[in-house]
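Single-structure report; data block below.
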Amino acid sequence: MTNRLQALRPLFYWLISFSLLLFIYGTAYGSYELGIVVVLILLPVHMCYFSLISNWILPRFFFRDKYIQTFLLLLLTMPLIAILYRFVEVYITNPYIFKFYTIRDSSFTWPSLSLSRWKQLTHPGDFVNAIERTNTVAWICVTVKLFILWNERKRVLLQSELNFLKGQLHPHFLFNSLNNLYALSLNNSPQTPEVVLGLSNILRYVLYECTSEQVLLKRDIEILSNYISLEKLRYEKRLELNVNMTSPANDLKIAPLLMLPLVENAFKHGAAETTEMPWINIDLYIHEDTMIFKVANSKPEQPVINNSSPKFNGIGLHNLQQRLDLLYPGRHTFTYLNEADCFIAELNIQLYLKGKHS
């Protein structure tokens with residue numbers, strides 16, 4: 001939430017209080033004109049009670065697990081605020097209400113006003129009503145505030161988790177890329193400078209452009225194509241690679257680096273571990289606002305024993321599943337088929353348009 005919205009938050013609580021009280025008093029008096037005046041007179045009492053609870057009792061005691069002290073303080077403040085409320089009623093609002101009605105009807109009477117001020121203040125029924133009214137308004141506002149705070153905390157925790165997952169992905173990608181570069185340099189490949197240049201472009205995207213929550217799908221596909229080109233240089237004719245990717249509309253956006261782990265997985269567990277002619281098929285289609293991304297790769301006849309597998313045990317795919325659950329709840333499907341001779345993964349995402357969810 002921006003600083004401007006935070007500054008307007010108290011106004012939001014006052015607006016809730018004013019609307020609720022106006023409905024109560026305007027309906028009870030049969031006149032919203034009278035209700036507005038009475039509410040404006042009593043509103044400072046309600047806001048004082050709300051501020052006392054939300055800015056002092058809850059932060060200093062309840063949020064610090066001091067529940068007994070919280071309970072005792074609420075028991076103490078409840079009658080004190082009710083007394084203050086009754087003082088305002090007896091000395092200000094009730095005389096104003098009486099005057100309002102007598103101007104319109106000279107025969108209007110209000111027997112309780114003939115009692116002494118002390119008897120009016122200590123009248124049991126009116127005192128109970130004061131407790132009920134002050135607590136209804138204050139606790140509705142407190143509930144709204146706690147709900148907003150809960151949402152903000154949930155959003156902060158979500159963003160922290162996403163940053164952590166993204167932080168895991170960056171070194172994971174770098175580690176795999178440097179391994180590929182090392183393999184080329186061992187053979188003194190003339191393609192090494194081209195790979196270094198392509199890798200620097202990808203790393204620039206990973207480290208700087210991916211700081212945004214959403215990037216243009218067109219840009220993410222461009223980087224994915226660069227990565228595929230680098231891997232193609234490494235394997236040359238030893239790999240049967242089929243790539244079909246539809247050019248997306250300019251207004252579609254996606255969370256960065258969601259497709260790359262699937263492609264990495266295909267090259268690492270398909271091309272790198274298959275001794276015979278390996279193959280990889282990569283397809284990307286756009287249907288309205290839905291992206292369908294499919295990656296299929298061959299597998300070695302004899303499984304290569306290592307610390308990861310084409311399942312979700314590796315950092316990349318496990319990371320991908322977690323990010324999808326956080327970023328696209330109810331807006332994605334991620335399925336895979338792990339056969340003896342091939343691995344197939346399909347990712348469907350309902351994308352956001354440019355300017356939305358950014």
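Coordinate-derived values only; no laboratory data. Everything numeric here is computed off the predicted structure, so don't read it as measured data. Please note: Cβ atoms are built from the backbone with ideal geometry, for glycine as well, and neighbour counts cover all protein chains shown.
Label points 7 Å out from Cα along the Cβ direction at Asp283 and Arg104: separation in nm?
Distance between the two pseudo-spin positions: 7.4 nm.
In what order do Asp220, Asp325 fall by count of nearby beta-carbon atoms within 10 Å, going from fewest to most?
Values: Asp220 25, Asp325 11.
The most exposed by this proxy come first: Asp325, Asp220.
Answer with one residue from Asn244, Phe293, Val206: the one whose Cα lies farthest towards the positive end of the charge dipole of the stretch 189-353, charges on Cβ with Lys, Arg +1 and Asp, Glu -1.
Ranked along the dipole, the leading option is Val206.
R0 = 41 Å: FRET efficiency of Ala249 with Leu80, Cβ-based, nearest 0.05? Before the final figure, lay out the partial values.
Details: r = 62 Å, r/R0 = 1.52.
It comes to 0.05.
Hey, fewest Cβ within 10 Å first, where do Lys237, Lys232, Lys299 land in order?
Details: Lys237 7, Lys232 16, Lys299 20.
Ranked by crowding around the Cβ, least crowded first: Lys237, Lys232, Lys299.
Treat the count of other C-beta atoms within 10 Å as a stand-in for reagent exposure and order Glu33, Glu194 from fewest to most. Can you show the working numbers first?
Working: Glu33 9, Glu194 14.
If I rank by nearby Cβ atoms, fewest first, I get Glu33, Glu194.
Using a cut-off of 14 Å between beta-carbons, work out the net charge of the residues near Leu74 (Lys and Arg +1, Asp and Glu -1, Leu74 not included). Kindly include the intermediate steps, with their values, before the conclusion.
Numbers: positive: Arg60, Lys66; negative: none.
Residues close to Leu74 contribute a combined charge of +2.
First check a/c for the stretch 189-353, with a ≥ b ≥ c the square roots of the eigenvalues of its C-alpha gyration tensor; if it is under 1.5, answer rounded, and if not, answer prolate when a/b is larger than b/c or oblate otherwise.
Working: a/c = 1.71, a/b = 1.25, b/c = 1.37.
Oblate, because a/c is 1.5 or more while a/b does not exceed b/c.
Can you classify the stretch 3-151 as rounded, prolate or oblate using the Cα gyration tensor, where a ≥ b ≥ c are the square roots of its eigenvalues, rounded means a/c under 1.5, and otherwise it's prolate if a/b beats b/c and oblate if not? Mind showing how you got there, number by number?
Numbers: a/c = 3.21, a/b = 1.62, b/c = 1.99.
It comes out oblate by the Cα gyration axes.
Report the FRET efficiency, 1/(1 + (r/R0)^6), for Leu203 and Tyr67, where r is their Cβ-Cβ distance and R0 is 45 Å, rounded to 0.05. Display every interim value, and only then the final one.
Details: r = 52 Å, r/R0 = 1.15.
The computed FRET efficiency comes out at 0.30.
Reachable aspartates and glutamates from Lys294, Cα under 12 Å, same-chain residues fewer than 8 places away excluded?
The qualifying aspartates and glutamates are Asp283, Glu346.
Please go through the residue pairs Lys232/Lys253; Lys66/Lys119; Lys154/Lys253; Lys154/Lys232; Lys119/Lys145 and name each one whose alpha carbons sit more than 31 Å apart in this structure.
Details: Lys232/Lys253 27 Å; Lys66/Lys119 38 Å; Lys154/Lys253 24 Å; Lys154/Lys232 43 Å; Lys119/Lys145 37 Å.
In this structure, Lys66/Lys119; Lys154/Lys232; Lys119/Lys145 lie more than 31 Å apart at Cα.
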